[in-house]
Amino acid sequence: MEAPPVTTATAPAQGAAAAASPAGFTHAQIRTIIFGLMAGMFLAALDMTIVSTSIRTIADDLQGLSAQAWVTTAYLITSTITTPLYGKLSDIYGRRPMFLIAISIFVVGSVACTFSTSMYELAAFRALQGLGAGGLMSMAFAILADIVPPRERAKYQGYFLAVFGTSSVIGPLVGGFFAGAESILGVTGWRWVFLINVPIGIIALIVVAKVLHLPHIRHDHRIDWWGAAALIIGLVPLLLVAEQGREWGWGSLGVISLIALGVVGLVAFVLVEIRMKDEALIPMRLFRSRVFSMGLGANVLIGIGMFGAISVIPLYLQLVKGASPTESGLLMIPMMIGIMGGSIVSGQLTSKTGRYKIFPVIGTALLTAAFLLLLTVTIDTNIWLLFGNFFLLGLGLGLNMQTLMIAVQNAAPAKDMGVSTSSATFFRQLGGTLGVAVFISLLFNAWPTNIVSSVATAGSNPSFQQAIGAAVADPNSGSHGVATALAAAGQGDLSGMESIGSSLTNNSSFLSTLDPAIARPFQEAFVTSAQIVYLCAAILAALAFVVVLLMKEMPLRTMSAIQERMTEDASIAAETLTVAEPMEADQAAPTKSLAGSNGHTDGAVPAGVSNGTVLNGTPVNGSANGHHGRHAGSAATEAPVPVRRGRHAAPDDEDDVATAGSAGRHGA
């Protein structure tokens with residue numbers, strides 16, 4: 001009898017699995033889910049800009065200007081610390097409940113902030129808000145990773161960055177409107193800054209609860225409480241120093257003690273995570289992947305440069321160009337357009353080509369160029385040139401933000417998707433916090449020194465001397481106090497200059513009341529001081545360029561995280577069934593029996609024919625009943641199962657293993 005033809009079953013197996021996959025969401029379903037995710041992210045993104053615009057008005061009304069920094073610090077600490085916690089807990093208990101919890105906590109915190117009667121009370125309620133905010137962004141990206149493969153994910157993440165761009169424009173406008181209103185519907189205007197979160201949060205809760213139903217396979221895990229405690233001990237002191245170090249004094253005993261405590265806490269955290277292995281808050285095995293490690297490193301560098309330098313640009317617009325906080329937000333629109341444009345373009349091209357490394361390489365190069373161009377900015381720089389710089393800066397950020405997130409997610413196993421996503425968010429946020437603290441400190445430490453130099457240079461300018469004389473002679477002039485101090489400094493009395501320096505670091509708004517000729521040396525000193533920040537940011541962007549240039553590009557997977565986890569679990573279950581089968585079946589005959597009829601009454605499998613093949617239209621499998629064979633065939637062709645040395649063994653170099661086994665995991 002002629003031997004039957006043998007054909008590979010890869011395509012049919014993949015098609016059947018894809019059709020039957022519970023994670024196979026349609027484009028319309030994905031868009032509905034993304035709407036709920038965007039509503040949750042909009043809460044956090046809007047809150048960042050709307051509060052910063054109105055915080056001065058809030059502090060004045062609650063008579064707590066000196067405690068203003070604690071409102072920001074409290075929110076920052078809790079949102080940063082809880083970010084990795086949400087990632088790990090969502091891997092254990094599921095994304096949906098953790099995302100709903102995050103939104104609920106944020107809404108409750110917003111309501112509490114609305115009824116604050118003091119700045120310290122507001123700081124406490126902002127800390128409660130931060131407990132929810134820590135999960136809003138990381139959970140949204142993790143849920144997207146669950147339902148969309150990496151190659152398609154870049155296309156959808158552009159929607160998320162559009163949320164950031166929109167909130168950056170709307171936030172200052174809404175914040176300025178609420179802060180300037182005496183009352184709205186009988187409620188003090190600034191309280192609506194927090195109250196506006198409530199209807200948005202309720203909409204997000206309803207949408208997420210209704211449409212977000214993801215299959216979740218529960219695995220028993222211990223919660224890494226020791227790791228969480230060590231992380232808190234390590235981060236809280238360092239974040240306190242980052243926010244308050246300039247005021248307390250970087251060389252003070254308290255700051256040095258907090259830094260030492262933070263270092264001890266972080267060392268303890270790493271040791272605990274190594275001991276906890278897979279149960280760790282951030283499993284250390286993930287760092288075996290060069291892509292994962294270098295992706296997080298690039299996130300930190302870009303976070304430091306991005307948030308640090310961007311925090312200086314609005315100050316330049318307000319102090320040098322005379323813009324109000326609301327106007328400075330609007331003047332940053334070109335940067336938001338660049339961010340959205342870079343994100344959308346990189347997302348579409350990544351989806352079409354499957355290549356992504358080129359975008360962070362170009363993005364970091366653009367960031368370096370943008371920061372170097374900012375070194376040429378002066379008091380008189382044309383606003384359209386500034387817009388060009390801002391757009392270039394935004395374009396560089398847009399090419400980096402989502403692409404690095406996808407690279408980190410793509411390098412991690414599907415079961416660690418929550419951890420990998422929250423780690424990327426966590427490291428970028430941590431870098432941003434350090435960047436703002438360090439760069440603002442550099443700026444305000446250099447400013448007083450540069451003022452002395454600028455004033456000395458301006459002293460020989462006749463128009464400056466004339467403006468000083470006129471202001472000294474007119475007690476009602478808005479420049480009288482500063483002019484008197486400058487005149488005294490010319491006679492050797494520097495006490496007035498020290499007072500001016502102190503005022504600048506606490507409240508620089510008095511510059512807007514000065515005669516333009518008197519204010520110019522202060523503005524020139526600010527521009528000179530800001531150049532130090534831009535230079536540091538350019539160096540960090542150049543380092544990030546080197547990191548992403550050396551980063552390995554792994555083929556993007558073509559299955560969502562849910563599909564990968566379900567396929568891998570099916571494969572493991574099939575392995576268990578195989579081990580449990582009676583050994584006698586393998587020893588009874590030199591050939592194995594096939595389930596069903598394929599024209600061979602003896603059911604013998606021809607020599608050389610292996611699992612995953614089709615014999616006369618019937619799958620050939622390595623088990624007596626064919627059940628496991630179908631699982632194994634499917635897993636062989638599409639399951640994201642890494643090369644193993646035993647069931648729980650981890651590869652020494654996960655990037656190399658993933659690349660070698662990419663035939664079934666990745667697209668062409």
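Observations on the model:
- Scanning the stretch 394-415 for residues that are assigned to a helix (DSSP H, G or I) and out of contact with any Lys or Arg (no Cβ under 9 Å at 6 or more places or on another chain) returns 394, 395, 396, 397, 398, 399, 400, 408.
- Residues of the stretch 89-121 satisfying the condition of being among the aromatic types (Phe, Trp, Tyr) and crowded, with 23+ Cβ neighbours inside 10 Å: 99, 106
- The one condition from (1) farther than 30 Å from residue 521 by Cβ; (2) at pLDDT 90 or above; (3) surrounded by fewer than 23 Cβ atoms within 10 Å (Cβ to Cβ) that residue 359 does not meet is (3).
- Residue in the stretch 244-252 that is surrounded by 19 or more Cβ atoms within 10 Å (Cβ to Cβ), in contact (Cβ under 8 Å) with a residue 24 or more places away in the chain and of a type in the set (A, V, I, L, M, F, W, C) present: no
- Residue satisfying all of: in the stretch 199-217; modelled with pLDDT of 75 or more and among the β-branched types (Val, Ile, Thr); surrounded by the most Cβ atoms within 10 Å (Cβ to Cβ) among these: 208
- Test: residue in the stretch 114-124 that is at pLDDT 90 or above and touching a Cys at 6+ places or on another chain (Cβ under 8 Å): yes
- Take the conditions (1) modelled with pLDDT of 70 or more; (2) more than 30 Å from residue 359 (Cα to Cα); residue 495 misses just one of them, which is (1).
- Test for residue 444: is it among the aromatic types (Phe, Trp, Tyr) and crowded, with 21+ Cβ neighbours inside 10 Å: no
- Inter-residue pairs, beta-carbon under 8 Å, first over 12 Å from residue 537 (Cβ atoms) and in the stretch 431-443, second among the hydroxyl-bearing types (Ser, Thr, Tyr) and part of a helix (DSSP H, G or I), 6+ apart: 433/80; 440/311
- Residues that are over 19 Å from residue 530 (Cα atoms), under 20 Å from the mean Cα position of the chain (by Cα) and in a helix (DSSP H, G or I) are absent from the stretch 374-393 altogether.
- Residue within the stretch 325-346 that is of a type in the set (Ser, Thr, Tyr), modelled with pLDDT under 90, over 18 Å from residue 534 (Cα atoms) and outside any helix (DSSP H, G or I) present: no
- Identity of the residue in the stretch 146-168, of a type in the set (Val, Ile, Thr) and not in a loop (DSSP other than H, G, I, E, B), that ends up nearest to residue 49 (Cα to Cα): 166
- Subset of the stretch 348-373 [assigned to a loop (DSSP other than H, G, I, E, B) and of a type outside the set (Gly, Ala, Ser)]: 355, 356, 357
Table: residues versus (1) buried (at least 17 other Cβ atoms within 10 Å of the Cβ); (2) assigned to a loop (DSSP other than H, G, I, E, B); (3) not assigned by TED's automatic domain parsing to the domain that holds residue 55.
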{"site": "171", "(1), (2), (3)": "yes, no, no"}
{"site": "177", "(1), (2), (3)": "yes, no, no"}
{"site": "190", "(1), (2), (3)": "yes, no, no"}
{"site": "237", "(1), (2), (3)": "yes, no, yes"}
{"site": "256", "(1), (2), (3)": "no, no, yes"}
{"site": "268", "(1), (2), (3)": "yes, no, yes"}
{"site": "273", "(1), (2), (3)": "yes, no, yes"}
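The values are calculated or read from the model by the stated rules, or taken from the named source; none is laboratory data. From a predicted model like this one, the values you see are computed outputs, not experimental measurements. Quick reminder, even Gly has a Cβ in these numbers, built from the backbone with ideal geometry, and neighbours come from all protein chains shown.
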